[in-house]
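Here is the structure we will look at, set down as structure tokens.
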Amino acid sequence: MLATMEIVDILQQADGLAETILHSDIGENYLLSLYKVKSDKEAQRKISKFTSLKDLFEDVQRFGKYHPDYKRINLETREAKRDMDMHPTVAEFKMAETELQSTLDEISGLIGHAVSEQVKTPAGNPFFVSSGGCSSGSCGTGGSCGCSA
């Protein structure tokens, strides 16, 4: 019964941590930008257009460059993605989302490494990490990123 009570306590603490994150400046900024992007009709139109083109591109991509419409659909998809990403509401949302994700990754790392240094935790988005590799050896790639796995 003791293990069950410990698990319940851990789950309650995790819920408390989630509430704290949601009510933090970063969490509230994320929720506000999410609300803005969902209520912005122009942003929703651009997101919908990109989504439909992306689905079409995935169908065309099965045949690759041999599909007769490959270049046209590829170009239209890229233009729609750029148009969507450049919309101010979408850009604000993506920045808030990245900030929240970084915070969650940092919290995850702190919790994981409090248990053991060998616990593998998210090391962030590799596209946005400026270092040459994760020097911790816990990236999960087996050292292919250049870390000391």
(request) Calculate the spin-label point distance for Lys71 paired with Asp85, positioning each point 7 Å from the Cα along the beta-carbon direction, and give it in nanometres. (result) 2.3 nm
(request) Please report the base-10 log of the normalised intensity I(q)/I(0) for segment 17-115, using a Debye sum with one equal scatterer per alpha carbon and no solvent, at each q in 0.10 (1/Å). (result) -0.43
(message) Which trypsin sites (Lys or Arg not before Pro) in segment 74-121 sit in a loop by DSSP (not H, G, I, E or B) and have at most 14 other Cβ atoms within 10 Å of their own Cβ?
(response) Lys120
(request) Determine the alpha carbon to alpha carbon distance for each of Lys38/Lys120; Lys46/Lys71; Lys49/Lys94; Lys41/Lys94; Lys49/Lys71 and list only those over 26 Å. (result) Lys38/Lys120
(request) Can you pull the one-decimal nm distance between simple spin-label points at Thr51 and Glu99, each 7 Å off the Cα toward Cβ? (result) 2.6 nm
(message) I need the peptides 44-52, 8-16 ranked by packing, meaning the mean over residues of other C-beta atoms within 10 angstrom, with the highest value on top.
(response) 44-52, 8-16
(message) Given a Förster distance of 30 Å, report the FRET efficiency between Glu58 and Ser116 from their Cβ-Cβ distance, rounded to the nearest 0.05.
(response) 0.15
(message) Under 8 Å for C-alpha pairs, at least 6 residues apart: give me the relative contact order for segment 17-115, rounded to a whole percent.
(response) 35 percent
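Laboratory data are not the source of any read-out in this text; all were calculated from the coordinates shown. All of these numbers come straight from a predicted model, not from anything done at the bench. FYI the Cβ positions are ideal-geometry reconstructions off the backbone, even for glycines, and counts take in every protein chain you see.
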